[in-house]
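Enquirer: Here's a structure for you.
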Amino acid sequence: MDWLAPYYSWIKALHVMAVLAWMAGLFYLPRLFVYHAEKAEPGSELDLTFQVMEAKLLRVIMNPAMITAWICGLLMIGMGGLDFGAVWGWAKLGAVIAMTAAHMWMAARRKDFAEGRNTRSGRVYRIANEVPTLLMVVAVIAVIVRPF
């Protein structure tokens, strides 16, 4: 990984940009689900509009951003950018794995809507909307403050 060392700052910058785009999607997709669950009847024009919005957000923004964030993050880990000898490194990695799980859960819910079989209420999606925020707080504090 020594050959990548001169590019560390560029990889880190790309990582931050990818995380920003990914987090924006993680914040917005469950909000779309709230409105979709509460306002759109399956098969209606509004239902189809939400389906297009949700699919594009996931496929065009969130998936590429998540993949880019992971690739850049793994490259930085390979270059010694994460201290696994300290708790903060594990807390950051745990938060990112949990964000990935939340992403996958949201992708499955999008499929439920697309197949007309959503059974969850707007309240469930409102709660789901808070999860990425809490995980982001853990990740940022772990990396910036390193309290442990």
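The values are calculated or read from the model by the stated rules, or taken from the named source; none is laboratory data. Worth saying up front: this structure is predicted, and the values here are computed from it rather than measured. Every residue, glycine as well, gets a Cβ built from its backbone with ideal geometry; the counts of neighbours run over all protein chains shown.
Enquirer: Mind listing whichever residues of the stretch 86-109 are of a type in the set (Lys, Arg) and farther than 17 Å from residue 66 by Cα?
Expert: Selection gives 109 alone.
Enquirer: Would you confirm, using the coordinates I've provided, whether residue 71 is part of a helix (DSSP H, G or I), at pLDDT below 95, farther than 25 Å from residue 113 by Cβ and not polar (S, T, N, Q)?
Expert: No; evaluated as a whole, the condition is false for this residue.
Enquirer: Take the stretch 80-104 and flag every residue that is hydrophobic (A, V, I, L, M, F, W, C) and surrounded by fewer than 16 Cβ atoms within 10 Å (Cβ to Cβ).
Expert: Within the stretch 80-104, 84, 86, 87, 90, 97, 101, 104 qualify.
Enquirer: Let me spell it out: the conditions are (1) among the hydrophobic types (A, V, I, L, M, F, W, C); (2) within 15 Å of the chain's Cα centre (by Cα); (3) surrounded by 15 or more Cβ atoms within 10 Å (Cβ to Cβ), and residue 137 meets all of them except one. Which number is the exception?
Expert: Of (1) among the hydrophobic types (A, V, I, L, M, F, W, C); (2) within 15 Å of the chain's Cα centre (by Cα); (3) surrounded by 15 or more Cβ atoms within 10 Å (Cβ to Cβ), only one is false for residue 137: (3).
Enquirer: Here is a check on your reading of the model: is residue 14 in contact (Cβ under 8 Å) with a residue 60 or more places away in the chain, under 21 Å from residue 95 (Cα atoms) and surrounded by fewer than 19 Cβ atoms within 10 Å (Cβ to Cβ)?
Expert: Answer is no for this residue.
Enquirer: Report whether or not residue 107 is small (Gly, Ala, Ser), exposed (fewer than 14 other Cβ atoms within 10 Å of the Cβ), within 13 Å of the chain's Cα centre (by Cα) and part of a helix (DSSP H, G or I).
Expert: Working: small (Gly, Ala, Ser): yes; exposed (fewer than 14 other Cβ atoms within 10 Å of the Cβ): no; within 13 Å of the chain's Cα centre (by Cα): yes; part of a helix (DSSP H, G or I): yes.
No.
Enquirer: While we're here: For the stretch 65-76, what are the residues that are in contact with a helix residue (DSSP H, G or I) (Cβ under 9 Å, 6 or more places away or on another chain) and loosely packed, with under 15 Cβ neighbours inside 10 Å?
Expert: Result: 67, 71.
Enquirer: Out of the stretch 28-63, which residues are surrounded by 15 or more Cβ atoms within 10 Å (Cβ to Cβ) and of a type outside the set (A, V, I, L, M)?
Expert: Selection gives 28, 30, 33, 36, 47, 50, 51, 54, 63.
Enquirer: Next up: Please work out if residue 116 is more than 30 Å from residue 48 (Cβ to Cβ) and outside any helix (DSSP H, G or I).
Expert: Values: more than 30 Å from residue 48 (Cβ to Cβ): no; outside any helix (DSSP H, G or I): yes.
No: the conditions fail for residue 116.
Enquirer: Got a number for residues in the stretch 82-99 being closer than 16 Å to residue 72 by Cβ and outside any helix (DSSP H, G or I)?
Expert: Residues meeting the conditions: 1.
Enquirer: Further question on the same structure: Can you name the residue in the stretch 26-47 that is free of Cβ contacts under 8 Å to residues at least 60 places away in the same chain and assigned to a helix (DSSP H, G or I) and is also nearest to the chain's Cα centre (by Cα) among such residues?
Expert: Step by step, filter the stretch 26-47, then rank; the result is 28.
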